[in-house]
Amino acid sequence: MSNGMATTPLSPAVPLEPVGVQRHIPLAPHQLIERTTPQRDLFTIAHYGIARVDVSSWQLEIGGLVERPCRLTFEEIRQLPKCGVETFHQCAGFPKKPDTATRRIANVVWSGVDLEQLLLSAGIRPEAQFLWSCGLDQGTFDGMAGGFYQKDMPLARLAQGGVILAYEINGETLTPEHGFPLRLVIPGYYGTNAVKWLYRLELADRRANGIFTTVLYNDPVPPSESGSVGMKRPVWDAPPESAIVSPPPGVLLSRDGVEIWGWAWAANGVSCVEISTDGGSNWSRASIEQRSQWSWQRFAFHWTPTVVGSFKLMARAMDTAGAIQPMYRARNAVHVVTVEVAD
Ligand SMILES: Nc1nc2c(c(=O)[nH]1)N[C@H]1C(S)=C(S)[C@@H](COP(=O)(O)O)O[C@H]1N2
Ligand SMILES: [Mo]
């Protein structure tokens, strides 16, 4: 770990290839068959393009409100104790359309180094309240000059554990698309916070003032909830959500019965999933497995249709704090799958 050099931030320039917004979503909900999503099937989201980092000249810088600012090479990071975390990984969707459900969801095992340990060894100053994290990608997004991709996280989140700087996904080295050489992983938080191509961590006493922490990824809070008009809430913790994997949409079923199954997830864990086969009028409890760390949880419900016709199947999850997945107009709105039943 080199010391004392980190007062002037590095000003790295790395190529983006391709340049511009990247959105690849290879799997639809009915294709999420595997519990662990392989890296090659994982969705890719990037606002400016895919950064191509030369790891031999790359360093991670830790600065701001720390006692001992420092820089680490990739080799130095690889020599620290390795830890892993299983978690759902979800894109919050279009930053300006919080009402739209996009169902870009996966479940992966990340490995890397424990962020809290790293920050403790750099010395967290008492005034520090937030972690700012910066990626090596920069440019213009939605007509705004955004600078480096930057996010923030309350330092209080560290106490719940699991926050790591990851260099592997499912035991494989990260590809450039997913953040090589190093990315932040905050289990339970939406993917937008998981900064790829990380190069600088900074502790601060306030939120970061970039476009991705102020203008974008801040949802309006309804006055009924906050008591005042114009309040915003950062897109951090993921509320409860579920997706039906099977039966797939449009399938023709017999009246023999079928298992309705899928995945449910929430930052604080899912306590219950209910199924409706009549478009939301009646709900029955599905069985649901325990979660492992921040993993998604499989739910299942055996359904025997009593009549033929067209059916709207729905699943809705409740988290351990009692929040329920809303029916409409939310990024975690209920997923509807229409199927046909014939004799
Ligand atoms: N540096 C950087 N990190 C980033 C982004 C980005 O544009 N730049 N996009 C974020 C968003 S919105 C999501 S959903 C996740 C996607 O991670 P993935 O492409 O590995 O699935 O990365 C996040 N981290
Ligand atoms: Mo995202």
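The values are calculated or read from the model by the stated rules, or taken from the named source; none is laboratory data. Values in this document were obtained by computation on a predicted structure and should not be read as measured data. Virtual Cβ from ideal backbone geometry, glycine too; neighbours counted across all protein chains shown. These accessible areas exclude ligands, DNA and RNA; they are computed on the full protein's heavy atoms, side chains included. Shrake-Rupley method; radii C 1.70, N 1.55, O 1.52, S 1.80 Å.
The rows are residues; the columns are (1) over 20 Å from Thr102 (Cβ atoms); (2) of a type in the set (Phe, Trp, Tyr); (3) not in a loop (DSSP other than H, G, I, E, B).
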residue	(1), (2), (3)
Arg23	no, no, yes
Pro26	no, no, no
Ile33	no, no, no
Thr36	yes, no, no
Ile45	no, no, yes
Val55	yes, no, no
Leu60	yes, no, yes
Gly63	yes, no, yes
Arg68	yes, no, no
So Ser133, is it within 16 Å of ligand 2 (Cβ to nearest atom), out of contact with any Pro (no Cβ under 6 Å at 6 or more places or on another chain) and among the polar types (S, T, N, Q): yes
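For the stretch 133-147, which positions are within 13 Å of ligand 1 (Cβ to nearest atom), assigned to a strand (DSSP E or B) and more than 17 Å from the chain's Cα centre (by Cα)? Full working, then the answer.
Looking only at the stretch 133-147, we keep the residues that are within 13 Å of ligand 1 (Cβ to nearest atom), and these are 133-142, 146-147.
So of that shortlist, the ones also assigned to a strand (DSSP E or B) come out as 133-141, 146-147.
Leu136, Asp137, Gln138, Gly139, Thr140, Phe141, Gly146, Gly147, listed by residue number.
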Output for the stretch 245-300, where each listed residue is at pLDDT below 95 and within 17 Å of Gln325 (Cβ to Cβ): Gly279
Failed item in (1) in contact with a Phe, Trp or Tyr (Cβ under 9 Å, 6 or more places away or on another chain); (2) in a loop (DSSP other than H, G, I, E, B); (3) aromatic (Phe, Trp, Tyr), with Phe88 passing the rest: (2)
Kindly indicate which of Glu86, Glu67 is surrounded by fewer than 19 Cβ atoms within 10 Å (Cβ to Cβ) and acidic (Asp, Glu). Glu67
Picked from the stretch 171-186 (must be farther than 18 Å from Asp41 by Cα and under 15 Å from the mean Cα position of the chain (by Cα)), the residue surrounded by the fewest Cβ atoms within 10 Å (Cβ to Cβ) is Arg183
What number of residues within the stretch 187-220 are open to solvent by less than 10 Å² (accessible area, probe 1.4 Å), within 14 Å of ligand 1 (Cβ to nearest atom) and of a type in the set (A, V, I, L, M, F, W, C)? 7
Under 14 Å from the mean Cα position of the chain (by Cα), surrounded by 21 or more Cβ atoms within 10 Å (Cβ to Cβ) and not charged (D, E, K, R) - does that describe any residue in the stretch 148-160? yes
Run Glu259 past the list (1) loosely packed, with under 14 Cβ neighbours inside 10 Å; (2) in a loop (DSSP other than H, G, I, E, B) and report the number of the one that doesn't hold. (2)
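Could you please find all residues in the stretch 221-244 being of a type outside the set (Ser, Thr, Tyr), closer than 21 Å to Asn107 by Cβ and crowded, with 19+ Cβ neighbours inside 10 Å?
Val235, Trp236, Ala238, Pro239, Pro240, Glu241, Ala243, Ile244
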From the list Arg103, Arg40, which residue is outside any strand (DSSP E or B), within 14 Å of ligand 1 (Cβ to nearest atom) and surrounded by fewer than 18 Cβ atoms within 10 Å (Cβ to Cβ)? Arg40
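Of all residues in the stretch 134-172, which are of a type in the set (S, T, N, Q) and touching a strand residue (DSSP E or B) at 6+ places or on another chain (Cβ under 7 Å)?
Keep residues of the stretch 134-172 that are of a type in the set (S, T, N, Q), which gives 138, 140, 150, 160, 170.
Those that are of a type in the set (S, T, N, Q) and touching a strand residue (DSSP E or B) at 6+ places or on another chain (Cβ under 7 Å): Gln138, Thr140, Gln150, Asn170.
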Name the residue that is farthest from Leu203 (Cα to Cα), counting only residues in the stretch 38-91 that are within 16 Å of ligand 2 (Cβ to nearest atom) and among the polar types (S, T, N, Q). Thr44
